[in-house]
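The structure appears right after this line, and notes come after that.
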Amino acid sequence: MKLSCLSCEALARMVYQAAAFSPHIVDVDIIRLGLHNTPEVLRNTLQSKIDALSGSNYDAVVLAYGLCGKSTNGLTAREIPVVIPRAHDCITLFLGSRERYTDQFENQPGTYWYALDYLQRREDDGTVLSLGASDFAQDLQKTRQEYVEKYGEDNADYLMTVMGAWQAHYRRAVFVDMGIGDGSAVEQLAKADAANRNWTYERMQGDVVLVKKLLYGEWDADFLVLQPGEHLQMTYDKDIVCSARA
């Protein structure tokens, strides 16, 4: 097969590694991480790229994304299938399964995750990597925008930092080691932040299995395959997403 992979920056190393060893031809298109802050913009960006592949010789478009704050909700497959993991967000892809994500979400929801690509590529502190944090992240973005309108960009960033608005949500720092690249500096940052903010610290081993299966074409029950004309719809249950027709 020949696959076109649309991937978030937060998964860049994982995706490039899987693409290099995939038995298929995989062309990778990395999309800016900051678009998560505006789900509608990210959704439109992804849809435009999917639409642009109509008439191409790709067998499928694979998305290295989760539902991501509803950013992928409503995406439509055009002339070729679109494949996406059944995942709430990229943390599921870091952990390797919905089950592992659910366990963390239920037992440790106030967790700030430190991952190499994510920390290197994020654009500001409003870009949140936290279990179940999509609504929280949108609230932060709304608050920051209100500050921008009242006080300007620089003062808004200063107020967000001084007030510690994003920090109050968390109680634990976790460095998730994906085994790709040198994450030592990110791990030290996680430890320092935990010490400074009185959080607990934990180091956790990541698992690239979902990204690997996505790019290897091993689309089992952990993936949704949209056929041409179908669109993605969130389900509010363990499946997370399903396909639907207009």
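A few notes on this one:
- Test: residue in the stretch 129-146 that is modelled with pLDDT of 95 or more, part of a strand (DSSP E or B), in contact with a strand residue (DSSP E or B) (Cβ under 8 Å, 6 or more places away or on another chain) and outside the structural domain of Thr38 (by TED's automatic domain parsing): no
- The set of residues in the stretch 172-187 that are under 11 Å from Met14 (Cα atoms) and among the β-branched types (Val, Ile, Thr) contains only Ile180.
- Leading residue by the ranking (surrounded by the fewest Cβ atoms within 10 Å (Cβ to Cβ)) among those in the stretch 11-45 that are among the aliphatic types (A, V, I, L, M) and not in a helix (DSSP H, G or I): Ile25
- With respect to the stated conditions, Leu215 is touching a residue at least 12 places away in the same chain (Cβ under 8 Å), assigned by TED's automatic domain parsing to the domain that holds Gln47 and not acidic (Asp, Glu).
- Filtered by the rule that a residue be of a type in the set (Asp, Glu) and either in contact with a Phe, Trp or Tyr (Cβ under 6 Å, 6 or more places away or on another chain) or at pLDDT 95 or above (or both), the stretch 24-68 gives Asp27, Asp29, Asp51, Asp59.
- So Arg98, is it under 30 Å from Lys2 (Cβ atoms), at pLDDT 90 or above, outside the structural domain of Gln233 (by TED's automatic domain parsing) and not β-branched (Val, Ile, Thr): yes
- For the stretch 203-246, filtering for residues that are part of a loop (DSSP other than H, G, I, E, B) and within 19 Å of Tyr58 (Cα to Cα) leaves 7.
- Qualifying residue in the stretch 65-81 (condition: closer than 24 Å to Gly183 by Cβ, touching a residue at least 60 places away in the same chain (Cβ under 8 Å) and among the aliphatic types (A, V, I, L, M)): no
- For the stretch 180-200, filtered to residues that are of a type in the set (A, V, I, L, M, F, W, C) and not in a helix (DSSP H, G or I), the residue that is modelled with the lowest pLDDT is Trp199.
- Among the residues listed as Gln108, Gln104, Gln47, the single one being in the same structural domain as Val174 (by TED's automatic domain parsing) and either free of Cβ contacts under 8 Å to residues at least 60 places away in the same chain or farther than 28 Å from Ala185 by Cα (or both): Gln104
The values are calculated or read from the model by the stated rules, or taken from the named source; none is laboratory data. If you're wondering where the values come from, they're calculated on a predicted model, not measured in any experiment. Cβ: placed from backbone, ideal geometry, glycine included. Neighbour counts: every protein chain shown.
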